[in-house]
Number of protein chains: 2
Amino acid sequence: MTDKKENILNAALELFAKEGFTATSTSKIAKKAGVSEGLIFRHFKNKDGLLEAILHEGEERIKILFANIIFETNAKKVIDLVFDMVLGIAASSDATDFWKLQYKIKWELEMYAESKMEPLELALTNAFKKLAFNNPEMEARSLLIIMDGLAMRYFLQKDFDINSAVNFLREKFKQ
Amino acid sequence: MTDKKENILNAALELFAKEGFTATSTSKIAKKAGVSEGLIFRHFKNKDGLLEAILHEGEERIKILFANIIFETNAKKVIDLVFDMVLGIAASSDATDFWKLQYKIKWELEMYAESKMEPLELALTNAFKKLAFNNPEMEARSLLIIMDGLAMRYFLQKDFDINSAVNFLREKFKQ
DNA sequence: TTAGAGTAAGTAAGTACTCACATAATAATT
DNA sequence: AATTATTATGTGAGTACTTACTTACTCTAA
């Protein structure tokens, strides 16, 4: 991958996350990346292709992030790691941009990729089963719903205290 | 309010909720509403003004919806009514469009109006206090976070079973 | 020498918005 | 009551500008 191609991907990620996909023009991306507008179309065919490339890179990233949780055998730790993941995203500004884009795209283009979350949901179900919860499937699903709620607040509500919210909810899943 | 003005508001609500604010052009709205494009600007000054008018109508609607919950004195019922509200939104297709817009706009324009939810959060805090929960503030906040998570899934995940999710989570807040 | 990386200057189709003008409803004045 | 003046509602054709995308071209490295 050439430098300029990477510049385009970085600039697009940042702008899409900040302004949204439709509101970000290819000329804005080119300017930010320091390249000619035509180069975007040389490398990615069209604007959709550029988004696809970013999302594809993202999938790899998500896989790696999830792998650490999925391969954990201690049930209690699995649940804890999911909460830690949220705090981890909030701690890294690079990860924040990336995850914000994931959510923004979900709302703007209405493409909820359930399959992406499936392995995590399965790992959680298994963990709750081990801990003898009497509805492990729903318990796992609920936890992921809560994650979405937390993410939403974190990204959109300026003064949101994610740490205290995460720690409180963590306790709710302990007994 | 004239018929044509109302047509514009309805068409815009539907299109904004479906396609997003930026992605919806004023010409599309005019066509759907069956009016000339110029009339939009006569009535609402500009595209932002049109959105503002829709959002303002929405605020009144939210106030009415919340009032029923806030004036409930039975603590257990307050919590139950919040869950009922979510199911109510899912049951009415008209309410669905309206609430979907609220969320879409949040993400697209990144304006999270915390103040809108404040009275509801207060009522919930009070309810949890009455029920002797030992962190009623966080309990209330968590419930609203969960509502956001539920809304997100309902609007974006096609096969999401909101009824079973709501009923399961309802139980979690009972003891 | 040939393919990929890169650019500047285009393109047609849209974008939000304006303006001159027509008509309908309301108010004021005879 | 009848006429006039004034506003509010509505339109169609236009505006300047932006949009995603193309094309013809140059440069560079293998």
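The values are calculated or read from the model by the stated rules, or taken from the named source; none is laboratory data. Values in this document were obtained by computation on a predicted structure and should not be read as measured data. No Cβ is skipped: glycine too gets one built from the backbone with ideal geometry, and neighbour counts run over all protein chains shown.
Taking the residues in segment A:8-41 that are within 13 Å of DNA strand C (Cβ to nearest atom), more than 14 Å from chain B (Cβ to nearest Cβ) and touching a residue at least 40 places away in the same chain (Cβ under 8 Å) as candidates, determine which candidate is surrounded by the fewest Cβ atoms within 10 Å (Cβ to Cβ).
By that ranking, first place goes to A:Leu9.
I'd like the full set of residues that are part of a loop (DSSP other than H, G, I, E, B), over 17 Å from A:Glu110 (Cβ atoms) and either touching a Leu at 6+ places or on another chain (Cβ under 8 Å) or at pLDDT below 95 (or both), limited to segment A:16-30. Step through it out loud before you land on a result.
Here is the first cut: in segment A:16-30, the residues part of a loop (DSSP other than H, G, I, E, B) are A:20-25.
Keeping just the survivors that are over 17 Å from A:Glu110 (Cβ atoms) gives A:24-25.
The one that is part of a loop (DSSP other than H, G, I, E, B), over 17 Å from A:Glu110 (Cβ atoms) and either touching a Leu at 6+ places or on another chain (Cβ under 8 Å) or at pLDDT below 95 (or both): A:Thr24.
Kindly establish whether A:Glu108 is away from chain B (no Cβ under 11 Å), touching a residue at least 12 places away in the same chain (Cβ under 8 Å) and out of contact with any Pro (no Cβ under 9 Å at 6 or more places or on another chain).
The answer is no for A:Glu108.
Let's see how each residue does on (1) aliphatic (A, V, I, L, M); (2) in the same structural domain as A:Lys100 (by TED's automatic domain parsing); (3) closer than 22 Å to A:Lys116 by Cα:
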{"residue": "A:Lys18", "(1), (2), (3)": "no, no, no"}
{"residue": "A:Ile64", "(1), (2), (3)": "yes, yes, yes"}
{"residue": "A:Ala75", "(1), (2), (3)": "yes, yes, yes"}
{"residue": "A:Asp80", "(1), (2), (3)": "no, yes, yes"}
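Condition first: assigned to a helix (DSSP H, G or I) and loosely packed, with under 15 Cβ neighbours inside 10 Å. Now tell me which residues in segment B:88-115 satisfy that.
Here is the first cut: in segment B:88-115, the ones assigned to a helix (DSSP H, G or I) are B:88-91, B:93-109, B:114-115.
Across segment B:88-115, the qualifying residues are B:Gly88, B:Ala91, B:Ser93, B:Asp94, B:Glu114, B:Ser115.
Across segment A:148-163, which residue is nearest to A:Phe83 (Cα to Cα) among those that are facing chain B (nearest Cβ under 7 Å) and in a helix (DSSP H, G or I)?
That would be A:Leu150.
Looking at (1) surrounded by 15 or more Cβ atoms within 10 Å (Cβ to Cβ); (2) over 21 Å from A:Thr73 (Cβ atoms), which is the only condition A:Phe128 fails?
Against the list (1) surrounded by 15 or more Cβ atoms within 10 Å (Cβ to Cβ); (2) over 21 Å from A:Thr73 (Cβ atoms), A:Phe128 comes up short only on (2).
Assess whether B:Leu120 counts as being under 21 Å from the mean Cα position of the chain (by Cα), surrounded by 15 or more Cβ atoms within 10 Å (Cβ to Cβ) and at the interface with chain A (Cβ under 7 Å from one of its Cβ atoms).
No: the conditions fail for B:Leu120.
Do you know which residues across segment A:1-57 are within 13 Å of DNA strand D (Cβ to nearest atom) and touching a Gly at 6+ places or on another chain (Cβ under 7 Å)?
Of everything in segment A:1-57, just one residue is within 13 Å of DNA strand D (Cβ to nearest atom) and touching a Gly at 6+ places or on another chain (Cβ under 7 Å), namely A:Thr22.
Tell me which residues, restricted to segment B:141-175, are over 18 Å from the mean Cα position of the chain (by Cα) and closer than 13 Å to B:Ile79 by Cα.
Within segment B:141-175, B:Asn167, B:Leu169, B:Arg170, B:Glu171, B:Lys172, B:Phe173, B:Lys174, B:Gln175 meet the criteria.
I'd like to verify a number: residues in segment B:42-82 that are within 16 Å of DNA strand C (Cβ to nearest atom) and either surrounded by 14 or more Cβ atoms within 10 Å (Cβ to Cβ) or under 24 Å from B:Phe173 (Cβ atoms) (or both), how many?
So the count comes out to 8.
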